[in-house]
Structure formats: structure tokens, C-alpha cells
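The values are calculated or read from the model by the stated rules, or taken from the named source; none is laboratory data. Since this is a predicted model, take the numbers as computed values, not measurements. FYI the Cβ positions are ideal-geometry reconstructions off the backbone, even for glycines, and counts take in every protein chain you see. For the accessible areas, the whole protein counts, side chains as well, though only heavy atoms, and no ligand, DNA or RNA atoms are used. Shrake-Rupley method; radii C 1.70, N 1.55, O 1.52, S 1.80 Å.
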Amino acid sequence: MLKMSKNELKNQYQHWFEKVYKKSIDKFPERCKTFKTPSGAEVNPIYTPLDNDFDYLEKLGLPGEYPFTRGVQPNMYRGRFWTMRQYAGFGNAEESNKRYKYLLAQGQTGLSIAFDLPTQIGYDSDHSLASGEVGKVGVAIDTLADMETLFAGIPLNKVSTSMTINAPASVLLAMYIAVGEKQGVARKDLEGTIQNDILKEYIARGTYIFPPKPSLRLITDIFDFCTREVPKWNTISISGYHIREAGSTAAQEVGFTLADAICYVEAALKKGLKLDEFAARLSFFFNAHNDILEEVAKFRAARRLWAKIMRDRFGAKEKKSMMLRFHTQTAGSTLTAQQPDNNIMRVAYQALASVLGGTQSLHTNSRDEALALPTEHSVTIALRTQQILAYESGAADQVDPLAGSYYIEAATDRIEKEAMEYIEKIDQMGGMTAAIEAGYVQKNIQEASYNYMQSIEKNERVIVGVNKFEAKEETPIPLLRVDPIIEKNQTEKLNKVKASRNNDKVKASLKVLQNAASGSDNLMPHIIDCVKEYASLGEICDTLRGVFGEYKENVVI
Amino acid sequence: MLKDKKIRVLIAKPGLDGHDRGAKYVAKALADHGMEVIYTGIRQTPESIANTALQEDVDIVGLSCLSGAHNSLFPKVVEELKNKKAGDIVVFGGGVIPKDDIPFLKKAGISEVFTPGTPIRTITSFIYKALNIETAPAEQFIKKLDHIGVAVTSLDEGIKLYAEGMGLALGGVEEVPEQKVKVAFFKVGDTNIELLEPTSPDSPVAKFMEKNQGPGIHHVAYEVTNIEKALEAAKARGMRLIDEKPRTGAHGKKIAFLHPASTMKVLTEYCQSC
């Protein structure tokens, strides 16, 4: 404990600041007038106990205990490392299946499926709007047949699978369950995550289909269904990642993500679900940006704030309901097209921040992602970055090692406070859907994004290789190309499936789904029936579009 | 094109890609440069983009795509515009686009392609060039060469040289605290020589001499008729400004500096008497 009184420290600090520090910078001016994090928060030269209003037990506690500031497990990575999970998928199911097997053979411990945009927006590969997009940013899935190919030779009881799918999450989960059944794997043994977070699609990512109300119904149907049938499944991954990628600050990332989470919890409670039955399956997804220390503080602040919200606002009783478990991806928006090898270093520092911040799983970006989808070689470097961090750096051997740093604790407090202010503002507006409709969230993100970009344009912030240390000649690196023939092949495959299935049964199952959607049934069992008949994703989504309508973006500039 | 008419730009997102950060940034930054900008929002078809371009009577269309579908979508927008007899509308693009694709896109009628990290001034100068815009020429603002600034280590020695050595008449000595310099003026015909001695080690002039390894010509200053407009014109042409807004210099003049990076390494000052 402090031997010195706070007053004494205050006096000494003031003396130091005026007489020593200021004198020194008069002689040797500092590099910048003010030092700011990428989020625009000003950083002092030093932090002391004066910056920490420190009640250890209340603010930090112990790992695995409320408020989980120090982590959700008692021993964190001393037991098991975080799950190394590289987001991958491109072209058709055969090619992606090959990449997954390669990644598993390289020591990756979980799968993460990237779907192409038509799949994410509920269009089949032969839809006119799908033209040019099939297989581009992920794998194209039209029917259960594609999903069977995607997981051929990968036993679903041996891997955990994360699927980045939102508006049609029910459909892809239904297909996964059906593939499991064909492999002889029971629903209760399936492990994985669906992103299933529609609010951030309206805010930042853009792959929405339906308006908020029916979307929230689909989401809470999944909560309900999985609680009973697929208990190990993470039913949602509430994502700050894309909010940050769209240009938000660190505090906005936490504030808006937790405000989204509050909206989902409220929707589930309204449906009659019991808090402590579904809350433990909620998971989160955050971004690891450039500023190492601010990012560590962000992860800690998010954990503490969520624990408080769940306990005090919603009255959660179970510890597991209060734990914020999260996946992290390094920040794609920080990667530069110039000197792409520099991105390897950026990613390594970002990965370090996420591990020091206590992530449960991690995707490290590849060096070439500002140019194209990553090649196998680039993905391997990214995975090795995690393995070196895990096995060699020592960062994983100690739980929450930065706790107690005057700066880290002050930054954690600051981010928690700012995030809470956003949440309160959104509450006042009537909750997240109202705040999105009013453009409040989008506007805040855009302002932050604009300020950040301007600081680079004005050379107030240096991006190595972009506005300093530019290279004249750049060594080209080989890029991954998705063969345009895939679109044609995928369409042919879809036609074949449509010709060989029992089309009367397909129609009947879609009709049942349509009726159920008009009523209040849980839609999951009906969607499972549809996919088992090889109804296509587009057909299922079109059926739901007919009942629910479509969301229209509120363009905010 | 007439210089007084505002340039109308359509920023559009063709295809299913939802990454709109870059598109929105470019839209807002171009608007800040005084252009009239319309942003479509995401998920537009090439046809709807062409329709909007016509309805809004734009001069130029900027397409953004980060999903890899650019080779298929961008040329379709050009085609649609041609079909609607609006082939004169310039189309440019940006996003995650491999270098190897750029020649194909240019052949397909995309005038320019900007990849991540492109400064906004590169885009504005492209737009002015592509539209053949006669912006108000800079000469219109510039009245005359106001002075040449010469950095010296000692003002006394400098005065000795110019007054005694060359026989010029000393116009006066003044301290400009804002710039941390002491200044001496000599009238030379219609213009002046301005000697600058730093008053503090962190004065910009001190830093200049450090880099220059001694005294030397520090900057060239032009008197302009309207400094705010002159700066605006320079910026619109893609030049970088050190001072976005004029501040006070010697003689209480309004002054502003242009960045040497965009003036071929010569630090350039605009000034206007009040």
C-alpha cells in the first residue's frame, strides 16, 4: 500500500510537473504538442496513483470472479491457449474445404467460415444481384449439398466452427445441424458460433435483409432453440469489430456493442426466455487496433461494464451470465496496400494487445488483405504469428499482466465511463433500434472516422509506408485470385440439386415456413425441415422476405 | 467547364459490398473541398447508379468496391452510362483492387483507380484534371513578389552585409513572437528582402538552418489580393497547406504558408496587407 499520503504525492507531482518536466520540454520540445491515441484520447506523459481511484476488489477483483476485469477464467492461458481461429473461405465449397483441412493440419484449433456476399444477403448464386460476387469474399452456399461438401472429412464433433453469418444465420445453422446429423453427430455435441448480430449490420457492415423487428425475432428464436437443443452453441457474437472498422473510437466500440447486446437481452426477455438460461451463450467479438495499451484497457473495460450491466441492470444470478467472452480479430482497416510486408508487424502488435487483454479466440489478418483475399502463404505467416505469441513470447503465462499499471487502470476507467455515456444516451433515445433509425450511431462513427483520416492527411499521425518512409518501388507479392468460372459452376451445381430433389416436398416445407413466419412459432425447426429437403438459401430467404419485408438503409453522411 | 459552377460528384457503391467507410470518407472530404456530392448508399445496381448520375446531373462518378467484384461491376456502370448517352460522365473507382486489375479497368473506361491509403488531394487533383477545369488561375490572386525570406544566424551580421556590403536601406526591425523570429527588411525596388533570425531553438527558422546546415534562402512570399480565396484555390488544386487559415505575420499582415512538398521544395508564403 502507499506509504506516502496522496496529498504529499500531489505536491511532489505538481512540483515535478512545473519545475522539472516543463523545464525539460522547454529545452527539448516533444515530438507532438499533444499525444493522442487513434481514438483521439489525449495521453499524459505519466500516470501515478493520483489517476487511479483504486478500490482493488471492487474494480478488478480476481480472474474468473466478478467483475471479471482480469479475465473470465481463473488461470486464463496457463490452462489452454486462446483458440487460434483464422477466418477463411473463398470460391466454392471444395476449395474452401481444402483450405480448412490445410489450416487444421497447420495446428489451427477452430474453423471460421467466411461466406460470399450473396450467401450473406440471402441470394442464390444465380440471382442477378449475385453477379460478380459469387465466391469472392467467402464461400458460396446455396443448398445443403454445398454445406456437405464444405465439411466433408471434417468430423463436426471434433472442431468448433464459427460462422460469420447474420441475416440468414438460422438457415446456415440449420444446414450445419443437418450435416451433423448426416455425420452421426448429435445436436448437443455441436460446438461453435454464429455471428447472428443484425444490429451492427444496420450500423456498419451492411449484410442485412429484414427490418429490425422480424430480425430480432429470428435471433431470439435461435436463442430459444439452442438453449434446448444445441446447448454448446454460441448463439450470437455481438460484434464491435465492424463498428471499429467503420472508424469508431475504442470507447464507441464498447459502448455501441454493449448497447446492441442490451437490445438482444431485452428482446429475449420480452419473448419470455429466462435470463440465466440464455445469457451464458452470448459471446462478443472485438477489434484489436494499433494502440496496444488503449486496446488492452478497452477489453478490460468491456468485461467490467458487461458484468455490471448483467448483474445490476438485468439481475443475472449466474456468474456465467455476467462473463463477457470474446473473439478478437486484428484491425483490417489498419493494413496498408503500400509495403504489404509491414502489415505482418502491425498484426503481431495487435495480436499481442488482444492476448494481454484476455481474448478467448483470435484471428490474425494476413499481410495481403489490403490488396486481395490472403494466399495460403500469407495465412500461414498470420497463424505462425499467433503460435509464436503463444509459445515463445511469455505473454500467455501470466493472467492480466498489465493490471495495476497506473496508465492501464486510468485508461480502463476512462473507456468504461465513455462507453457508459453512449449507452445512457441510447437508452434515452429509446434503445438501439431507435438510435440506428435516427442515424445517431452511424453519425458518431463517421465523425470519428473522418477525424482519424484527416489526422493522417494532415500528417499529424504517421502511417509507416503511407505518409512517411514511403518506398518508390514496391515488390509485388503474389495475390489470390478467385476464378470467375466458379460463378458458372456454382449455378450449374444449384440447377443440378434443384433437378434431383423432391420439388413437391420443397414447396410444402416452404409453405409451412411461410405460415409459421406469419404466426409466432419458433422458426428454427421449420427452417431445418426446409434445408433437409434441399430448399435453397435464396428460396428460404425469399419466403421470409415475403412475410417480413426488407430493410432500407437510412443513408447518413 | 465554368469555374464558378460547383463540380457535382456521385459516390456510389455497386454490388453487395457493405464496406462504406472509404466511400463515405471520400464523399465528405470532396464536399469539404467545395464539391457538390451525392452518395447513393450501399447495394446499388450499375443501372441504378447510371440513373442517379443522370437525374442528379453529375460531372463525375466515383465507384467503391471492396468485395473483389470490381472487374464485373465497374465496367457495367460505364456501359449503362453509354447506353443512356451519358458516356461523357467521367467514372473513377477505388477499393481493395489488385494492381494487376487496373489496366483492365482503365481499358473498360474507368479513368482512374485509387487503392487504400490514397490522399484526398490526389483524388481532387485527378477530378480537376479529368474535368478539364479551369479553376481560377493562381496568378489572378497574386499581385507581386512581396519578399524573399533569408535565414541568418545573426541579424546584426545580416544587416551589416545587406546595408553596408550591398548598400540597401534598412526598412526596419521587428520581432514576430508567433514565429519565434526577429526580422529585418530591406526594400529592393518593388519587393523586399527579409532577414530572419530565430529567437528560440524550436523556431521553424532554427530548424530550417539545422537541416540546411547554415543560413540560406528560407521562403518566397507573394502578395495576394484575397488570401482566403488564394488558399482555397491552391487546396482545390491538390496543394498541401501548412496554414489552412491565415494568421498574423510581420507588419500585421495576414500570412499563410504552402507546404514545400507540393511547391517543389520551396516554402511558399501568401500574404495580404490589411
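Brief remarks follow.
- Among the candidates A:Ala178, A:Ala174, A:Ala186, the residue that is modelled with pLDDT of 95 or more and open to solvent by 10 Å² or more (accessible area, probe 1.4 Å) is uniquely A:Ala186.
- Qualifying residue in the stretch B:137-160 (condition: within 14 Å of chain A (Cβ to nearest Cβ), modelled with pLDDT under 95 and open to solvent by 50 Å² or more (accessible area, probe 1.4 Å)): no
- Enumeration of residues in the stretch A:189-217 that are open to solvent by 10 Å² or more (accessible area, probe 1.4 Å) and assigned to a helix (DSSP H, G or I): A:Asp189, A:Tyr202, A:Ile203, A:Ala204, A:Arg205, A:Pro212, A:Lys213, A:Pro214, A:Leu216, A:Arg217
- Test: residue in the stretch B:47-57 that is surrounded by 19 or more Cβ atoms within 10 Å (Cβ to Cβ) and within 14 Å of chain A (Cβ to nearest Cβ): yes
- Residues satisfying the stated conditions in the stretch A:131-162, i.e. open to solvent by 10 Å² or more (accessible area, probe 1.4 Å), more than 14 Å from chain B (Cβ to nearest Cβ) and either under 20 Å from A:Arg501 (Cβ atoms) or not β-branched (Val, Ile, Thr) (or both): A:Ala145, A:Glu148, A:Thr149, A:Ala152, A:Gly153, A:Pro155, A:Asn157, A:Lys158, A:Ser160, A:Ser162
- Hits in the stretch A:218-231 - residues which are free of Cβ contacts under 8 Å to residues at least 40 places away in the same chain and crowded, with 19+ Cβ neighbours inside 10 Å: none
- Number of positions in the stretch A:365-396 that are within 14 Å of chain B (Cβ to nearest Cβ) and either in contact with a Pro (Cβ under 6 Å, 6 or more places away or on another chain) or not in a helix (DSSP H, G or I) (or both): 11
- Any chance A:Asn287 is of a type outside the set (A, V, I, L, M), open to solvent by less than 10 Å² (accessible area, probe 1.4 Å), under 22 Å from A:Gln387 (Cβ atoms) and modelled with pLDDT of 95 or more: yes
- Pairs are defined by a Cβ separation below 9 Å, a sequence spacing of at least 6 or placement on different chains, a first member in the stretch B:134-150 that is among the hydroxyl-bearing types (Ser, Thr, Tyr), and a second member that is at pLDDT below 65; the pairs so defined are B:Thr135/B:Lys3.
- Inclusion of A:Asn343 among residues that are among the polar types (S, T, N, Q), modelled with pLDDT of 95 or more, in a loop (DSSP other than H, G, I, E, B) and more than 30 Å from A:Leu62 (Cβ to Cβ) is not warranted.
- Residue list for the stretch B:25-43, filter: more than 10 Å from chain A (Cβ to nearest Cβ) and either crowded, with 17+ Cβ neighbours inside 10 Å or within 19 Å of B:Leu66 (Cα to Cα) (or both): B:Leu30, B:His33, B:Met35
- Selected residue (criterion: most open to solvent (accessible area, probe 1.4 Å)) from residues of the stretch A:443-467 that are among the polar types (S, T, N, Q) and more than 9 Å from chain B (Cβ to nearest Cβ): A:Asn451
- Taking the numbered list (1) farther than 22 Å from A:Gln360 by Cα; (2) away from chain B (no Cβ under 14 Å); (3) surrounded by fewer than 24 Cβ atoms within 10 Å (Cβ to Cβ) in turn, A:Ser96 passes all entries but (3).
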